[in-house]
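Undergrad: Could you have a look at this structure, given as structure tokens, before my questions?
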Amino acid sequence: MNHATRQRAFERMQRLGTAGLDLDTVFEESAQLLRTALPHDSSCWHTTDPGTLIETSVHTTAMPAPSPEVAEFAYLASDFNAFPVLAGGPRHAGVLSEATGGQLERSVRYRELMRPAGMRGELRTAFVVDGACWGSVSLFRAAPRDFTDDERDFAHDLAALLGRNFRAAGVLARSRGTSGPLAPGVIMLDAHRRVVSTTTPARECLVELGMSDPPDEMDASALPFALLAVMERVRGHGGDASARVLGRSGRWILLHAAPESTGGGVVVVLQAAPVGTIAPLISAAYGFTARERELVALVVQGCSTREIANRLVITENTVQAHLKSVFAKAGVRSRGELTGLLHTV
């Protein structure tokens, strides 16, 4: 692939971040551009909760969406080129054959998923911008083809650009047509990933997460991907797992999963995400500075200009200057509008 082709793809990717596109469109456009710049046979894209690095949505090309069994192996933190490792490392893209020293059999993901599907080459990229990971992609090539060091470096160069695009689409380009608040709901799954019980509020949350008509009886394979991801994180690590997910109406849903006390199952609580958990996502998406994020957090708490000045040890004039900058970036004109922007309902 020549330099001019990649440069054109890079420039078109830059324009996606300022086009005000929804997440599905960003997925589609980005996938099309990478098919040209980094040819591959199939791919799997995700958005990510930057706080927990749990995958919150999935978009695939030329491959099925991950099942619970696939998710069990695809997102192992202990495997090579795990997304949290790529997100926290100096290079945000990695080729599996390089990471394994040419011994692909060392990777559980390769043995259980890639080899049975006839895939040899895997290039993973974590979409990191301003120190936070907003998404990721895995590109695959059928055997015997693989990815090169040069392609890995180009993918790393795209990481921040894709991070900005996914951050904007996943946080800012959201619906304003929300309805009333969501009551907390609970879903219980047994050790075999079967849904044992579901409360009525949980079913409403499932609709928010993309299920048009949740059946009375189902197993984990029928659940929305975000719920599957937190469930598998608990099954893999034994501890609690949480993720913030944008519902289809524009309401934010907080998923919290924990091991069931007996029997090896998982309990998931679904509820409207408190504004305090969403404010950092919105602040990051609008490009607020660290000081502006501190100020926004105090505005959400209802602090006056004097109270903010005292807490941040700055003058009231400086508070007003920061507020002016925040309003301009967020496209609002008052504290009330800013607070409303950060609310989940």
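The values are calculated or read from the model by the stated rules, or taken from the named source; none is laboratory data. What you are looking at is a predicted structure, and each value in this text was computed from that prediction instead of being measured. Here Cβ is always computed from backbone atoms with ideal geometry, including for glycine, and neighbour counts include all displayed protein chains. Ligands, DNA and RNA are stripped out before the accessible areas are found, and what is left, the full protein with its side chains, is counted by its heavy atoms. Shrake-Rupley method; radii C 1.70, N 1.55, O 1.52, S 1.80 Å.
Undergrad: In whole percent, and with a 1.4 Å probe on the protein chains, what portion of the accessible area of the stretch 239-326 is carbon and sulfur?
TA: 53 percent
Undergrad: Right, here's the next one. Please report the carbon-and-sulfur percent of the accessible area for the stretch 21-128; probe 1.4 Å, protein heavy atoms only, DNA, RNA and ligands left out.
TA: The C+S portion of the solvent-accessible surface of the stretch 21-128 is 52 percent.
Undergrad: State the percentage of accessible surface on the stretch 140-238 attributable to carbon and sulfur atoms; use a 1.4 Å probe and exclude ligands, DNA and RNA.
TA: 50 percent
Undergrad: Right, here's the next one. Based on Cβ point charges of +1 for Lys and Arg and -1 for Asp and Glu, what charge dipole magnitude is obtained for the chain about its Cα centre, in debye rounded to the nearest 20?
TA: 960 debye
Undergrad: Mean residue ellipticity at 222 nm from the helices of the chain, using -39,500 (n - 2.57) per DSSP H segment of n ≥ 4 over the full residue count, to the nearest 500 deg cm²/dmol?
TA: -12000 deg cm²/dmol
Undergrad: Then there's this: Calculate the FRET efficiency for Thr199 and Ser325 from the Cβ-Cβ distance with a Förster distance of 51 Å, rounded to the nearest 0.05.
TA: According to the calculation, E is roughly 0.70.
Undergrad: Moving to a separate point now. Hey, what's the Kirkwood Rh for the stretch 1-124 if you take every pair of different alpha carbons, in angstrom?
TA: 15.9 Å
Undergrad: Heavy atoms only, 1.4 Å probe, whole protein assembly: order Ser221, Ser304 by accessible area, highest first.
TA: Ser221, Ser304
Undergrad: Return one whole number: the accessible area per residue of the chain in Å², for a 1.4 Å probe.
TA: 44 Å²
Undergrad: Ok, one more. Which order do Val195, Val171 take when ranked by solvent-accessible area (1.4 Å probe, heavy atoms of all protein chains), largest first?
TA: Order by accessible area, largest first: Val195, Val171.
Undergrad: Can you tell me the Rg and the Dmax, both Å, for the Cα atoms in the chain?
TA: 21.2, 66
Undergrad: Any idea what the relative contact order of the chain is, in percent, if you count C-alpha pairs under 8 Å spaced at least 6 apart?
TA: 15 percent
Undergrad: If you don't mind, another one. Between Asn310 and Glu337, what length in nm is gained on full extension when 0.36 nm per residue of separation is reduced by their alpha carbon distance?
TA: Gain on extension, Asn310 to Glu337, equals 7.4 nm.
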